[in-house]
Structures are given as C-alpha cells and as structure tokens.
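The values are calculated or read from the model by the stated rules, or taken from the named source; none is laboratory data. Bear in mind the structure is a predicted one, so any value in this text is a computation, not a measurement. A quick note on method: Cβ atoms are made from the backbone with ideal geometry, for glycine too, and the neighbour counts reach across all protein chains shown. Note: accessible area is taken over every heavy atom of the protein model, side chains too, but ligands, DNA and RNA are not part of it. Shrake-Rupley method; radii C 1.70, N 1.55, O 1.52, S 1.80 Å.
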Amino acid sequence: MSQKKKPVPAKPTSKAPETTEKPVNTKEKPVTPTPNTAKVSVAPAKDFFDTLGNKGPLLALGLIIFIGLFVFRDFLIFDKFYFFKDIGDDTLNYNYPYAHNVAEYIGNHGLPKWSFNLGMGQNLFPFVLRDPFDIFLYIAGKNHFAYAVIYKEIFKIILGGFTFYYYLRTLKLSEYSSITGGILFAYSGFMIVGSSWYLFSFEAFNIAFLLLGFELLFTKQKWFPLLCALFLVCISQPFNLFIYSIFLISYVFLRHFQAGVFSWKNIGIIFLKMAGLGILAVLLSGPFMLENVVQLVESPRGSGNSGYANIFLHAPMFAMLETIDMGINVMRFFSSDILGNGSDFIKGVLSNSNYLEAALFYCGIPSLVLMPQIFPFLKLRIRIAFIIIIGLWIFPIIFPYFRYAFWMFTGNYYRDFSFMVSFFMMFYAVHALDLIVEKRKINLIILLITVVILFVILNYPYFPNNEVTIIPIYFFVSVMILFYAGLLFFMGRKNSPVYLKYIFMLAVVVELTYLTNITVNDRDVLLASDLTSKTKGYNDYTVDALKYISQQDHSFYRVDKVYGSSPATHYSINDGMAQGYRGTSSYNSFNELTYILYLQLVGISNKDNELQSRFGVGFAYRPILESENQVRYLLSKGPISYLSRTSCDSLTTIGDVRIYRNKFYLPFGYTYSHFIPESVYAKLSNDQKDFVSLRTCVVPDGDVNKVAGLKEFQLKDTVAVFSFALYKEYTDSLKKDTLVLTHFGETLMQGKIDLSEDKMMYLSVTYDKGWTLIVDGQPRDKLVLSAGMTGIMLTKGPHTIDMRYELRFFKYGVYLTITGLLILAGLWYYTRKKEDTNQETAV
C-alpha cells in the first residue's frame, strides 16, 4: 500500500520582482487557413545571451578580466607598482612596512607575535589577516611581496565581480542582466578606489560573498557558503559583524517582501539560522577573533582616552550635511574622479573629505538611469518596501548623525556604508534592466524625469569655486546619461532589435574602462626606480648604515631617524618595519595603548587628539627619552638639534646618511632608588619631565604602596639649570646596577642583575599583559612605570630575569575552533542524513 505524500510548501522564488502585469491568456483560438499567397513572417534575430548556456560564466569572467588587463596593464608588467605616493600613501607608509615586517617575521620566527620593530614593541598577530588575501604576500616573502600586491588586488576585483554575477544568477536574473551587474560591481568606485587602499576591495568581495551565501540559504537551504563568508568577516574585522548585520537585516526584509513570503515567522526562522551560523563562524575563527577583539578593546581608541565617541554621540541628531559635503556625495555618484584624482581631489575647496575617505557611491551611470525604472514594475506592497529600504539608506547621507550611529560613533566615516548604498542602487537597476529587456517596456515619463533630475544635481553649484569638476569627465558623464537614456527608450519598445542590448553592454564596458583607467592610472605611484633608489625610498642609504651598525654592535639597541625613507608625499614613521630595525615610532590605527599613554604623559602626544593616538612619533627630538629607552644610534640626512649634537658622537657618513651614537645610552634594564607619583610628574613641563626622569621612576599613585624601599623624590631637590655634566652624572648613576642580557629576541629576553640595595628596575619595553616576568624561577607581577613602560621591584642581591611573550588568548581561541569544528561536523552529518531521508521518502 503506497504512502500518501505530504504536500511540500513552496520554496521562496528569487525571480525578478513581482509585477502588475496580468497573466497572458493561453486559451487556443480557431485557426484560419492561410492562403498560399500569404507573406512568410521573418523569425526574430536570435539573442546571443539566450544561447550562452553554461558558457555564461565564461563571458562574465572574460569581460571582467578584459577590463582589468587593460586598466592595470602597466602594473602587471611592473613598469609601475601598486603603491601610491599621493593621499593614498598609507600603502607606502603603513601597508608596505607592515607586509615586509610580517613576511620577515614569519620567515624567521613563524607565527607572528611580539615585534620590537613596531614602535617600542607591539603584538603583531591581531589583524594579521585584516585582508585575508594578504596571506599571498606573506608567502611571497619580504623580497617579492611588492610584486605580488597588484595580482592580489586584481584577483579580488575579478573574484568580487564574478561572485556578484553568480549572486544575480541565483536571483534568477537573465545572463545578460547578471553579466552587466557583475562588471558594474567589479569596477564600482568602492572596489577600484578601495583597491588602491587594499582593504576596501576585500570588503566589497566579502559583501558579495555574504549576499550569495544568504541567497543559497534562503532559496536552497544551503548554509555552508554563508558560513564561509561570515568566517572571513570574523578573522578580518570583528566590528564588521555589527555593520554587516545592519545591512543584511535590511536586505532580508527586502527579499522576503520581493519573494512574496514575508511573515514574522519566516523572518524569525531565517534570522535564527543566520545567527547560528554567525556563532559558528565566531567559534571557527577563535584565535583571530579573540586577539582582534582584545586589540580593539585595549587600543587607545577602544579603552583609552582618544576616541571620537563623545563628540559624535552629542552631535545634533537632525542637523543636515553641509552643502559642500553634500555636493561631494552627489558628484561621487557620477564618478569617483569627477572632483579630481588622488591628492587633487576637490582641490581648492574647504572640506574634511579626502579622495579615499569621501563617499564612494559610483556604481556605473546605468545604475543612476535605471534605478527608478524598477518601481512601475512592482505591485504596490512591494513598491512601498523598496522605497522604504532605499530611503533608510539615503537618510544618513542627509543627516550624518545616523551615519555616525552606523559606525557606533567611532568616526565620521563613509567606507562600507557608501558601498551598501551603491549595492541597493545596483540591485534595483539590474532588476529594472532585466524587466525592461524581458518585457520590452519602459516608463517614458519616469525616464525623462530621471534624466532631468540627474542633470540638475550634476550642475547644481555646491562649491564656492564652480571649476572644481574635471571637465572631460563631466562631459563624458553628461553624454553617457543621454546615451543610456536613448538606448533604454528604444530597448523598451515592443519590437526593439536585439543588437541594442549589445550596444548597451558595450557602452557599460567602455564607461567602466574609461573611468577606471583614470582612477588607477592618473595617480602618483611607486615606480621601479623607487625600489632601487639610494636617495629616496626604503632601499636608500639607511640600509647600508644599518648594516654598518649591525656589524659593529651585536647587542640589543634601538635606532632613531630624523628623516623618512618612504618616497610618499607624507612623512613615514614605520621605517623600522620596512628596513628591519628597532625604532621608537609607529603609525598604526590601533597602537599599543600603553605606548600611547607613555607618549601622552611625557608630552609627545595629545590625549585630546584622536589622530595622534595613531601617530606615535617616537623620541627622535627628545634625546633624554632616547637615552632612557635604549636608543643608541641616531641617523640623519641633515642637521640635527643642538641637544642631539652634544649628546651624540658622530661616527661616519654612508652615502647621504650620517650615523651618530648616543653617549648617554642606557641599557635595556637599569635601576632607580627613588620614585615620584604620576600625578606630581604630570604637572611638570616637558623639559622638567625629561630631566626629572633621569633621577626617579614615575609610579601610578595607586601603586605607591608597592614600591616600599624606594625613597620619594622631592621636586625641591632638582636644579634649575640643565648641564651635560649632570646629564652624564645621572645616567652613570642609573647604570650602576643594570641588567646584563644573556639572550634577546622578539619573544624571549633573559639576563642577570646584582643589586647593591632594593631598587626599581625600569625595562624599556611597553607594558603588555602578554609578557610574563620570571625572577629567580618564580613568576612576578610587573608594575606600570611612566604610564606605559614596564617595571619590577627587586631586592638587594643577585637575580636571574626571564621575560617571555605569549599571545594571551590564542590558546583559548584554539579551543573555540576545535569546538566549532565539532559542531560543524555534527551539522554536516545532520544535513546529509536529512537529505538522504528526504530522497528515500521521495522514492
């Protein structure tokens, strides 16, 4: 007896949005015999895109690659290198040194941990995969990563566009519309301008992957792709889990309305599935996730005193964007470069925006012309949902308070927000294109209104100087608006020839190639000669000077420079990572908190200036602090200060680099017999702070009870006049009882010391909880000195000192990953078993 099958509920469809079209009457009519003299009708021309079959992905991939090969041709053959000297010189001043340092570290030590080449030392592991594709640079090694960067970026562009193409095909859009959407995505402003800042290109791909993953979960109950996309978010930037969640929530509502399956039950189920996959992704990314979160929380911007949150949180909620900034936003819908390229962006206009940080809304002129056309095709209920969603994303452009809230009040950013606006524009536009091509129908009134509005906002005088726009791009954009509008008008007619589709796609390819070529090639970039130059660049005579020093001195020491080696526009302070020496300066979005607190206490950094928490400039112009923090050598390409000239011996000149050696250099560990409370020290002038620090260690007020045995330093004991005789006397006094290093490395320091009395030993390494201090075989608590350096109280007599660094949460992260893998295995087994059961039931 056969079992009666239960009806299976229909899965949500992903076809183009529901329309107001009535169903076609398919009832047959009587056929009238046709006389032999009747005219033979001519069959319509075959549509090339309808005959592609499984070759559609190849065409999509081919077009994306074609544009990329043309635009990046000079970089691919290494006439140019994909590093920028203009406003994008973070690529030279941060990315280049960081990649060099990590690649060298992995080659010499394995897993990145503590590095003394970054500032006064910092944990290198957090965000080592901020762009997961950087792993290809690390594999290439320190000598070849510069060549690999362009291929990494092109790969992300191609992969992002191709993933978006597959996402559109999952929505059941035609090959034609999906290919058009894929190339629009690949060469959008966020992707291309972002590729010159490296990180945005990964985030664009990640968003495309998230969308594809969601659609496969929504329509086919396939969960693994979404899990992979969420995993990439977790190992890259934990904060993005928040902003991508906002994006996906709005998208989930939109898709449920569009598919006609909206109910709170369906919404709740899909959110529970996504949340479960998100938790599993967090577990799988354990070591990266935990270390990244700790770095965020313990950075100056996270738990320090340098964040922007208080400023933006108290901004007027409904204050509108300034006219100039609104103009920048509007113009960047038409082209990334219509207001200038690189450092020439909005030249002559007062605005806080720059070429990289301003909104990156450009996603093809067709998106602007096509987007409004979607609404006539929609049923009223769906139309309202579409209007609400796009309105919610445009609202924060007009009222920036809500954009600050999107970033949890951490900054005045556009970044991913601008790309999410662009996505919805492309989403609407590609659906409109699909329906126009399929139904041969267009709303002429909306098309005319759209063209008029586009020209009005394109020509509105936003700026005090109306010559801000780049004229050739302005004319190109104007012509293309009219050209696309004309094409769409004819494509929307009942008997429009099929070749109009080909012309439209060709126009898209021409537009993207032309504008992307400007974005990429009209920039001041690194040339092959810059890699070998001995006067300006990371291969300058600094390399020879450092080699000379290392041959003469095999001890542990630091080096300061009073010049930057980077060929970029802005001064570089990460040269230690690029040239392989231990310095004192660091440019990093998330500097070691204790390092910045130390700089703030001694008066080098301003705690009220958030930017200064990212630029730890070191001690190059404070010789006494250099002495106290083991700076033994000073490099210069020109004159140095009087104090530095007097405190240093001139050793030799190599090329254009002069080498100086500090006469008052102190070792890695030296000792104090006096202390001063931090609150008292903080009130002194910078000069007084330097001089007083030669005589006493600075202890937090709350730790005064932990330094029994030290005498409190009295300010009345200081002298009014500084002299180099006193400078020598005080440094000699500090050297009486010092740590003799028997081993030094990135994560292990060992030595011996013999004290004549109870003293405080000052270690010239920033205070970090990852360092374990072992004295005479027993773990000992460290103390914070000078707000951010490391100290330890020692009793009279001999001691052995071991300092070992370990990633604090890596082990716990591994446990999370193992747990995640077990859950993943169980989920996979359950899914396979369920599929097998369903197949047996169907049979």
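With the checklist (1) more than 25 Å from the chain's Cα centre (by Cα); (2) modelled with pLDDT of 95 or more; (3) open to solvent by less than 30 Å² (accessible area, probe 1.4 Å) in hand, flag the one item Leu58 doesn't pass. Among (1) more than 25 Å from the chain's Cα centre (by Cα); (2) modelled with pLDDT of 95 or more; (3) open to solvent by less than 30 Å² (accessible area, probe 1.4 Å), Leu58 violates only (3). Here Ser572 meets each of (1) assigned to a loop (DSSP other than H, G, I, E, B); (2) more than 25 Å from the chain's Cα centre (by Cα) with one exception, condition (2). Condition first: assigned to a helix (DSSP H, G or I), at pLDDT 85 or above and either open to solvent by less than 80 Å² (accessible area, probe 1.4 Å) or within 30 Å of Gly576 (Cα to Cα) (or both). Can you find one or more residues in the range 30-50 that meet it? Checked the range 30-50: at least one residue is assigned to a helix (DSSP H, G or I), at pLDDT 85 or above and either open to solvent by less than 80 Å² (accessible area, probe 1.4 Å) or within 30 Å of Gly576 (Cα to Cα) (or both).
Counting only helices (runs of 4 or more DSSP H) that sit wholly inside the range 166-239, those with at least 2 residues that are under 28 Å from Gly53 (Cα atoms) and of a type in the set (Gly, Ala, Ser) are 175-186, 199-220. When the criteria are applied in full, Leu734 fails the requirement of being surrounded by 20 or more Cβ atoms within 10 Å (Cβ to Cβ) and more than 23 Å from Asp690 (Cα to Cα). All of Ile389, Ile384 fail the test of being part of a helix (DSSP H, G or I) and open to solvent by less than 20 Å² (accessible area, probe 1.4 Å), apart from Ile389. Each residue in the range 485-540 was checked for being hydroxyl-bearing (Ser, Thr, Tyr), without any contact (Cβ under 8 Å) to a residue 40 or more places away in the chain and under 27 Å from Leu368 (Cβ atoms), and 1 pass. Taking the range 462-482, which residues are modelled with pLDDT under 95 and part of a helix (DSSP H, G or I)? The answer is Ile471, and nothing else. Residues in the range 341-362 that are more than 23 Å from the chain's Cα centre (by Cα) and closer than 10 Å to Val468 by Cβ: Ile346, Lys347, Gly348, Val349. Could you please let me know if Gly189 is small (Gly, Ala, Ser) and surrounded by 18 or more Cβ atoms within 10 Å (Cβ to Cβ)? Here the answer is yes, as Gly189 does meet what is asked. Cβ-Cβ contacts under 7 Å between residues 6 or more apart (or on different chains), taken from a first residue in the range 163-179 that is open to solvent by less than 10 Å² (accessible area, probe 1.4 Å) to a second residue that is part of a helix (DSSP H, G or I) and among the acidic types (Asp, Glu), are listed as Tyr167/Glu215; Leu171/Glu215; Leu173/Asp434; Ser177/Asp434. Of all the listed residues (Leu726, Leu651, Leu739), the sole one being among the hydrophobic types (A, V, I, L, M, F, W, C), over 23 Å from Ile604 (Cα atoms) and modelled with pLDDT under 95 is Leu726. Name the residues in the range 73-117 that are within 30 Å of Gly770 (Cβ to Cβ), touching a residue at least 12 places away in the same chain (Cβ under 8 Å) and part of a loop (DSSP other than H, G, I, E, B), would you? Of everything in the range 73-117, those that are within 30 Å of Gly770 (Cβ to Cβ), touching a residue at least 12 places away in the same chain (Cβ under 8 Å) and part of a loop (DSSP other than H, G, I, E, B) turn out to be Leu111, Pro112, Lys113, Phe116, Asn117.
Just checking, does the range 748-757 include any residue being surrounded by fewer than 16 Cβ atoms within 10 Å (Cβ to Cβ), in contact with a Lys or Arg (Cβ under 7 Å, 6 or more places away or on another chain), closer than 28 Å to Arg622 by Cα and not acidic (Asp, Glu)? Checked the range 748-757: no residue is surrounded by fewer than 16 Cβ atoms within 10 Å (Cβ to Cβ), in contact with a Lys or Arg (Cβ under 7 Å, 6 or more places away or on another chain), closer than 28 Å to Arg622 by Cα and not acidic (Asp, Glu). All conditions but one from (1) within 21 Å of Val509 (Cα to Cα); (2) within 19 Å of the chain's Cα centre (by Cα) apply to Ile179; the one that does not is (2). Pairs are defined by a Cβ separation below 7 Å, a sequence spacing of at least 6 or placement on different chains, a first member in the range 609-621 that is aliphatic (A, V, I, L, M), and a second member that is part of a loop (DSSP other than H, G, I, E, B) and open to solvent by 10 Å² or more (accessible area, probe 1.4 Å); the pairs so defined are Val617/Ile573; Val617/Ser585; Val617/Ile604; Ala620/Val562.
Filter the range 523-555 down to the residues that are farther than 20 Å from Asp90 by Cα and of a type in the set (A, V, I, L, M, F, W, C), then identify the one that is surrounded by the most Cβ atoms within 10 Å (Cβ to Cβ). Top of the filtered list is Ala545. Of the residues making up the range 760-796, those that are assigned to a loop (DSSP other than H, G, I, E, B) and either surrounded by fewer than 20 Cβ atoms within 10 Å (Cβ to Cβ) or not small (Gly, Ala, Ser) (or both) are Tyr767, Asp768, Lys769, Gly770, Asp776, Gly777, Asp781, Lys782, Thr795, Lys796. The lone criterion from (1) aromatic (Phe, Trp, Tyr); (2) within 18 Å of the chain's Cα centre (by Cα); (3) open to solvent by less than 10 Å² (accessible area, probe 1.4 Å); (4) within 16 Å of Met577 (Cα to Cα) left unmet by Trp114 is number (2). When the residues of the range 241-266 are filtered to those that are in a helix (DSSP H, G or I) and small (Gly, Ala, Ser), the one that is surrounded by the fewest Cβ atoms within 10 Å (Cβ to Cβ) is Ser245.
Would you confirm whether any residue within the range 224-240 is surrounded by fewer than 22 Cβ atoms within 10 Å (Cβ to Cβ), under 19 Å from the mean Cα position of the chain (by Cα), in contact (Cβ under 8 Å) with a residue 60 or more places away in the chain and more than 23 Å from Tyr98 (Cα to Cα)? Checking the range 224-240: not a single residue is surrounded by fewer than 22 Cβ atoms within 10 Å (Cβ to Cβ), under 19 Å from the mean Cα position of the chain (by Cα), in contact (Cβ under 8 Å) with a residue 60 or more places away in the chain and more than 23 Å from Tyr98 (Cα to Cα).
Being more than 21 Å from Leu643 (Cβ to Cβ) and open to solvent by 30 Å² or more (accessible area, probe 1.4 Å): is that true of Asn705 here? When the stated conditions are applied, Asn705 passes them.
Within the range 362-381, the set of residues being in a helix (DSSP H, G or I) and of a type in the set (Ser, Thr, Tyr) comprises just one member, Ser367.
Matching residues to (1) open to solvent by 20 Å² or more (accessible area, probe 1.4 Å); (2) touching a helix residue (DSSP H, G or I) at 6+ places or on another chain (Cβ under 7 Å); (3) in a strand (DSSP E or B):
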| residue | (1), (2), (3) |
| --- | --- |
| Gly564 | no, yes, no |
| Ala568 | no, yes, no |
| Thr584 | no, no, no |
| Ser589 | yes, no, no |
| Tyr595 | no, no, no |
| Tyr633 | no, yes, yes |
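In this structure, is Lys607 open to solvent by 40 Å² or more (accessible area, probe 1.4 Å), closer than 19 Å to Thr766 by Cβ and of a type in the set (D, E, K, R)? Answer is yes for this residue. Only a single criterion out of (1) touching a Ser or Thr at 6+ places or on another chain (Cβ under 8 Å); (2) over 30 Å from Ser585 (Cβ atoms) is not satisfied by Thr766, namely (2).
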